[in-house]
1. Kindly list, by first and then second residue, each pair from a residue in segment 42-59 that is farther than 8 Å from ILE15 by Cβ to a residue that is among the hydrophobic types (A, V, I, L, M, F, W, C) and part of a helix (DSSP H, G or I), limited to pairs with Cβ atoms under 8 Å and residues at least 6 apart or on different chains.
2. Give the number of residues within segment 90-111 that are more than 15 Å from TRP60 (Cα to Cα) and either touching a residue at least 24 places away in the same chain (Cβ under 8 Å) or assigned to a strand (DSSP E or B) (or both).
3. Those residues that are assigned to a helix (DSSP H, G or I), surrounded by 12 or more Cβ atoms within 10 Å (Cβ to Cβ) and not charged (D, E, K, R), I need them from segment 1-44; list them, please.
4. Return the total of residues in segment 70-89 being surrounded by 18 or more Cβ atoms within 10 Å (Cβ to Cβ) and either of a type in the set (Lys, Arg) or assigned to a loop (DSSP other than H, G, I, E, B) (or both).
5. Filter segment 25-44 down to the residues that are acidic (Asp, Glu) and under 15 Å from the mean Cα position of the chain (by Cα), then identify the one that is nearest to PHE66 (Cα to Cα).
6. What's the number of the only condition in (1) on the phi > 0 side of the Ramachandran plot; (2) under 16 Å from the mean Cα position of the chain (by Cα) that LEU80 fails to meet?
7. Can you confirm whether ILE110 is on the phi < 0 side of the Ramachandran plot, of a type in the set (Val, Ile, Thr) and more than 14 Å from the chain's Cα centre (by Cα)?
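A short reminder: the numbers here are calculations on the coordinates, not readings from a lab. For clarity, every value in this text was computed on a predicted model and none was experimentally measured. FYI the Cβ positions are ideal-geometry reconstructions off the backbone, even for glycines, and counts take in every protein chain you see.
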Amino acid sequence: MFSRGSLWREWDLHIHSPASFHWEGERFGTDPTRNKVLVDEMIVALNDAPPIAFGLMDYWTFDGWFALKQRQAEGEGPALQKTVFPGIELRLMAPMDGRLNAHVLFSNDISDQHLRIFFHA
């Protein structure tokens, strides 16, 4: 498949979407048309960024992943040219002063139902 030996590729397994608590830009709202624009902007940014793969680590939600997946299924807007894995960032209680987060990364082939089951469990 590759004409040369080992090759390092850049991945970023901790990004957020407009659905995340820690998103610093405009967040998803109640206007579906505006939300599509935000997803399209996210897709363009992912395509333009150097990494070839990303982990979408929104706090306590898979909504960014679901929005990205739905937008790609619609066949409108920009096509995603990178690999994106669904993930979730969870804040844990810990016997320490700092914060402790767990990052859970899933296969990009996982069903929406399995993600919902994980979330509700």
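1. Once the first residue is farther than 8 Å from ILE15 by Cβ and sits in segment 42-59, its partners that are among the hydrophobic types (A, V, I, L, M, F, W, C) and part of a helix (DSSP H, G or I) give MET42/LEU68; ILE43/LEU68; ASP58/TRP65.
2. Within segment 90-111, residues that are more than 15 Å from TRP60 (Cα to Cα) and either touching a residue at least 24 places away in the same chain (Cβ under 8 Å) or assigned to a strand (DSSP E or B) (or both) number 2.
3. Passing the criteria: ASN35, VAL37, LEU38, VAL39, MET42, ILE43, VAL44.
4. Of segment 70-89, the ones surrounded by 18 or more Cβ atoms within 10 Å (Cβ to Cβ) are 71, 80, 84-89.
After this cut, where a residue has to be either of a type in the set (Lys, Arg) or assigned to a loop (DSSP other than H, G, I, E, B) (or both) as well, the list is 71, 80.
Within segment 70-89, residues that are surrounded by 18 or more Cβ atoms within 10 Å (Cβ to Cβ) and either of a type in the set (Lys, Arg) or assigned to a loop (DSSP other than H, G, I, E, B) (or both) number 2.
5. Taking the candidates together, the pick is ASP40.
6. Only one criterion is unmet by LEU80, namely (1).
7. Against the criterion (on the phi < 0 side of the Ramachandran plot, of a type in the set (Val, Ile, Thr) and more than 14 Å from the chain's Cα centre (by Cα)), ILE110 does not qualify.
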